[in-house]
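The block underneath contains the structure these notes are about, expressed in structure tokens.
The values are calculated or read from the model by the stated rules, or taken from the named source; none is laboratory data. No experiment lies behind these values; they were computed from the predicted model shown. Note: ideal-geometry Cβ built from the backbone for every residue, glycine included; neighbour counts use all protein chains shown. Surface areas here come from the heavy atoms of the whole protein model, side chains and all, with no ligands, DNA or RNA. Shrake-Rupley method; radii C 1.70, N 1.55, O 1.52, S 1.80 Å.
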Amino acid sequence: MMLAILTRHLFPTPVASVDTPDAAARNGELRALILERRRTRPTIQASNDGGWHSDRDLMAWGGARAAEVVAMARAIANHLTRDREGREVQPDWIVSAWANVNGPGAANICHYHPGSLWSGTYYVDDGGVAADPSLGGDFEMLDPRGSAPSMFAPMLACAGEGGLAAGATE
């Protein structure tokens, strides 16, 4: 007997990916600024395991190119955000931005950005990973609902869009 089943995806986690225009020139300038900042300022301890993490004041020292990245991030967030009735909105986003530099063996540990509707990552330099995936450097996202589904039933997943990732990492 087949039942009529209505499936609703109530709590999806949207993930957007964007290729930005003029990336090569922007990234070259940002890379130089970030490496100079790393040379002159100590790391702060945040989510970094090794590597370097700047203060959260990138907008104060990142210049016009950092401002471009933040402006793009705001535009993307505006495009992907609606009010509770589904209408377009233009929130006055509060932005906190910083830079990370991770070399071989360094990483950023699992962490969350509490109170954030959107979080973003912009890569200035992937360290060669695109050309040689064996170098590592994957960006791993964990299901924000937690790992309980995969801990209690690691062999099972939910059918439907996004269901295979329930409780797992991507």
Working only within the range 140-153, note down all residues that are in a loop (DSSP other than H, G, I, E, B) and either without any contact (Cβ under 8 Å) to a residue 12 or more places away in the chain or hydrophobic (A, V, I, L, M, F, W, C) (or both). Met141, Ala153
Meets criteria (in contact with a strand residue (DSSP E or B) (Cβ under 7 Å, 6 or more places away or on another chain), open to solvent by less than 70 Å² (accessible area, probe 1.4 Å) and among the aliphatic types (A, V, I, L, M)) for Ala71: no
Lone qualifier among Ala66, Ala71, Ala4, Ala46 - being of a type in the set (A, V, I, L, M) and touching a Leu at 6+ places or on another chain (Cβ under 7 Å): Ala66
Just give me the residues in the range 103-112 being open to solvent by less than 70 Å² (accessible area, probe 1.4 Å) and either out of contact with any strand residue (DSSP E or B) (no Cβ under 6 Å at 6 or more places or on another chain) or within 20 Å of Asp57 (Cβ to Cβ) (or both), in sequence order. Gly103, Ala106, Asn108
Would you mention how many residues in the range 35-51 are touching a residue at least 24 places away in the same chain (Cβ under 8 Å) and either farther than 26 Å from Ser116 by Cα or assigned to a helix (DSSP H, G or I) (or both)? 3
Considering residues that are open to solvent by 70 Å² or more (accessible area, probe 1.4 Å) and either modelled with pLDDT under 90 or not in a loop (DSSP other than H, G, I, E, B) (or both), the number found within the range 128-139 is 6
The range 1-20, subset surrounded by 10 or more Cβ atoms within 10 Å (Cβ to Cβ) and not polar (S, T, N, Q), residue farthest from Thr121 (Cα to Cα): His9
Can you tell me which residue among Ala32, Ala4 is in a helix (DSSP H, G or I) and either more than 24 Å from Asp143 (Cα to Cα) or touching a helix residue (DSSP H, G or I) at 6+ places or on another chain (Cβ under 9 Å) (or both)? Ala32
Conditions (1) within 21 Å of Asn108 (Cα to Cα); (2) in contact with a Ser or Thr (Cβ under 9 Å, 6 or more places away or on another chain); number of the one not met by Gln45: (2)
Only residues that are within 16 Å of Ala66 (Cα to Cα) and not in a loop (DSSP other than H, G, I, E, B): list them for the range 91-121, please. Ala97, Asn100, Val101
Can Asp125 be described as open to solvent by less than 90 Å² (accessible area, probe 1.4 Å), over 12 Å from the mean Cα position of the chain (by Cα), at pLDDT below 90 and among the acidic types (Asp, Glu)? no
Given (1) of a type in the set (S, T, N, Q); (2) at pLDDT below 95; (3) surrounded by fewer than 12 Cβ atoms within 10 Å (Cβ to Cβ), Ser47 misses just (3)
